[in-house]
Amino acid sequence: MSTGRDGPRPSNAGFPDDLVALQQHWTRLFNRLAASPPPDGRAMRAELLRTGLRIDAHPHWAATVGGWSRTARRELQLHAARAPGGEPLLVTRCVDGRIVAVPPDAP
């Protein structure tokens, strides 16, 4: 932990519960869209974008030493997947000309 102008600032490791919940919601939306996209998924895609913006604009990032970064966002994703109620982010791949969603540890 380092000290900023306003006192001690936590590292990115201590994610607040509301930020973890937002990330878990984002992951569930992404996984549903990736695994079984609805014929008209505009509303789900819009919600995914709104949720991502809420994650990126969360006050936590301003209160941490490193702030927002791709690495910190990935740490949040991994932390949220391991937290109660979390699930791993599916990976999309092109298989035989089709985009399919698979678990992250699939070969």
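Across all directions of projection, what mean area in square nanometres is found for the Cα convex hull of the range 44-107? Write out the running numbers ahead of the final one.
On the way: hull surface 23.9 nm².
Result: a mean projected hull area of 6.0 nm².
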TODO: Using +1 at the Cβ of each Lys and Arg and -1 at the Cβ of each Asp and Glu in the range 9-77, identify which of Gly41, Trp61, Leu19 lies farthest towards the dipole's positive end.
DONE: Gly41
Task: Gaussian network model of the chain, Cα within-10 Å springs - most flexible of Leu53, Leu33, Leu90 - done: Leu53
Open item on the list: Rounding to the nearest 10 and keeping the result within 0 to 90°, find how far the Cα-based axis of helix 17-35 lies from the longest principal axis of the chain.
Closed with: 20
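What percent do you get for the relative contact order of the range 2-102 when only Cα pairs under 8 Å and 6+ apart count?
Contact order relative to length: 36 percent.
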Task: Under 5 Å, built H, 5+ apart or other chain: amide partners of Val91 - done: Val102
Open item on the list: If I fit a long axis through the Cα atoms of helix 42-56 and take the longest principal axis of the Cα atoms of the chain, what angle between them do I get, 0 to 90°, rounded to 10?
Closed with: 20
Task: Equivalent ellipsoid, the range 2-102 (semi-axes from 5 times Cα gyration tensor eigenvalues, Å) - done: 30, 14, 11
- [ ] Could I have the simple spin-label model distance between Arg98 and Glu75, label points 7 Å from Cα toward Cβ, reported in nm to one decimal?
- [x] 3.9
Open item on the list: Looking at the chain as a GNM with Cα springs under 10 Å, which of Gly14, Gly97, Gly85 has the largest mean-square fluctuation?
Closed with: Gly97
Task: Mean residue ellipticity (222 nm) of the chain, computed from DSSP H runs ≥ 4 via -39,500 (n - 2.57), nearest 500 - done: -14500 deg cm²/dmol
Task: the chain: angle of helix 70-82 to the longest principal axis, Cα-based, in degrees nearest 10 - done: 70
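Each value in this text was obtained by applying a stated rule to the coordinates, not by laboratory testing. This structure is a prediction, so every number in the text was calculated from the model and none was measured. So basically every Cβ, Gly included, is an ideal-geometry build from the backbone, and we count neighbours across all protein chains shown.
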